[in-house]
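Down below is the structure, laid out as structure tokens.
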Amino acid sequence: MAEGVAGPAVAAARRGAWLGPALRALLRLLFTLALTLLGLVAVTFVIGRVVPIDPVLAVVGDRASAATYARVRQEMGLDLPLLEQFWNYLLKVLEGDFGTAVISSRPVLDDLLRVFPATFELATAATLLGTLLGVPLGVVAATQHGRWPDQVIRVLALVGYSVPVFWLGLIGLLLFYAQLDWVPGPGQLDIYYEGLVEPVTGLITVDSLLAGETEVFWNALAHLILPAGLLGYISLAYICRMTRSFMLGQLRQEYVTVARVKGLPERRVVWRHAFGNILVPLLTVIVLSYAALLEGAVLTETVFSWPGLGLYITHSLFNADLNAVLGGTILIGSVFILLNLLSDLLYRLLDPRTRREMGR
């Protein structure tokens with residue numbers, strides 16, 4: 001009877017011993033996240049004050065009278081002490097208020113919610129392409145180390161890793177659109193398909209399928225192929241390079257030699273044993289690559305006139321729309337921070353060593 005009572009008590013004690021460190025780790029993670037986001041807001045505030053753009057002139061124009069300029073400056077709170085300006089700016093950001101965009105005369109948050117799905121769609125397609133091709137190529141390069149397949153894959157990855165993305169975009173448009181006519185031109189849709197699909201998710205490929213507009217879907221997919229393919233090539237180069245490096249480290253381990261001596265099939269040794277041990281760090285690499293594409297698609301969107309966040313920030317910068325630029329900067333930084341947090345959480349959950357440390 002005593003043993004029956006002691007069993008649940010021991011189990012509860014073990015759960016408590018595990019939950020304590022886990023809760024402390026979660027609180028440390030949340031504190032780090034809050035501190036990082038605060039630093040991001042502070043940096044964007046400083047940028048807004050040091051860039052040679054007068055936000056008042058962007059609103060009233062350079063022909064406004066001195067009285068109008070002073071009134072608008074006071075309404076925008078720019079006459080207050082700097083610390084008070086930062087406090088007001090922080091409170092507004094926490095409420096999701098990034099001000100009004102000069103170009104569209106709408107709240108910046110509404111504009112960001114409208115353009116971000118296009119960037120999300122482009123970066124997601126590119127990451128899927130880069131992962132599905134980059135991981136197998138990296139494994140092949142590692143297993144064929146020093147041979148011609150390894151040399152070819154390394155050159156392929158080196159080109160994708162070093163060539164500027166805007167140059168690849170221009171060459172891609174010149175070759176596949178202007179010369180071969182294999183893909184449509186810049187933009188997300190042909191002009192006669194625009195406005196036919198009501199936005200639901202903001203992802204044109206998904207919304208067109210939900211609306212039953214298959215012609216719009218195929219046209220959107222055709223427009224997506226070239227920019228997603230080029231960004232996917234950049235992602236492929238990085239993922240392939242890291243996969244090869246991780247696999248080379250594992251293939252040199254003693255357990256791989258033992259598995260081969262035991263007569264296990266090479267495919268099983270490579271994919272089940274060696275690849276299984278690199279899955280956790282490789283997942284972190286893929287998540288960080290995805291974050292980089294979400295924040296770094298500015299040049300690609302500009303070259304392809306892709307109506308996403310990068311093109312929106314570029315147009316806003318050229319039009320001295322500081323509210324839109326800073327709002328977009330905060331959104332990109334927040335997405336990058338959250339994806340880094342996701343990467344860290346996945347690493348902690350999937351790596352048995354970190355799980356054991358949390359259980360101590």
Legend entry - Full-stretch length increase - LEU35, ASP344 - with 0.36 nm per residue and alpha-carbon distance subtracted: 109.6 nm
Legend entry - Separation in nanometres of the label points that stand 7 Å from Cα toward Cβ, at TYR192 and ALA178: 2.5
Inset, instruction - Using the Kyte-Doolittle scale, find the helices of the chain whose mean hydropathy is at least 0.0 and whose Cα atoms extend 15 Å or more along the helix's long axis, counting only whole DSSP H runs. - result: 2-50, 82-94, 108-143, 148-162, 214-251, 275-296, 322-350
Legend entry - Neighbour cut-off at most 11 other Cβ (10 Å), DSSP loop, GluC sites (Glu not before Pro), segment 39-99: GLU95
Legend entry - Net length gained if the chain between LEU209 and GLU254 were fully extended (0.36 nm per residue, minus Cα distance): 11.1 nm
Inset, instruction - Arrange TRP306, TRP182 by Cβ neighbour counts within 10 Å, fewest through most, would you? - result: TRP182, TRP306
Inset, instruction - Work out the FRET efficiency for ARG267 and LEU128 from their Cβ-Cβ distance, taking R0 = 30 Å, and round it to the nearest 0.05. - result: 0.80
Inset, instruction - Quickly work out the VAL72-to-ARG24 label distance, labels modelled 7 Å from Cα along the C-beta direction, and quote it in nm with one decimal. - result: 5.5
Inset, instruction - State, as an integer percentage, the relative contact order of the chain based on alpha-carbon contacts under 8 Å between residues 6 or more apart. - result: 27
Inset, instruction - Largest first and in whole Å, give the semi-axes of the chain's equivalent ellipsoid, each being the square root of 5 times a Cα gyration tensor eigenvalue. - result: 43, 33, 19
Legend entry - As computed over segment 198-296, the Cα convex hull volume per residue (Å³): 138
Inset, instruction - Would you mind calculating the gained length between HIS145 and LYS92 on full extension (0.36 nm times residue separation, minus the Cα-Cα distance), in nm to one decimal? - result: 13.6 nm
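The numbers here are math on the coordinates, done by the rules we state, and not lab data. Fair warning: this is a prediction, and the values are worked out from it, not measured in the lab. Because the Cβ atoms are built from the backbone with ideal geometry, glycine has one as well, and the counts that use them run over all protein chains shown.
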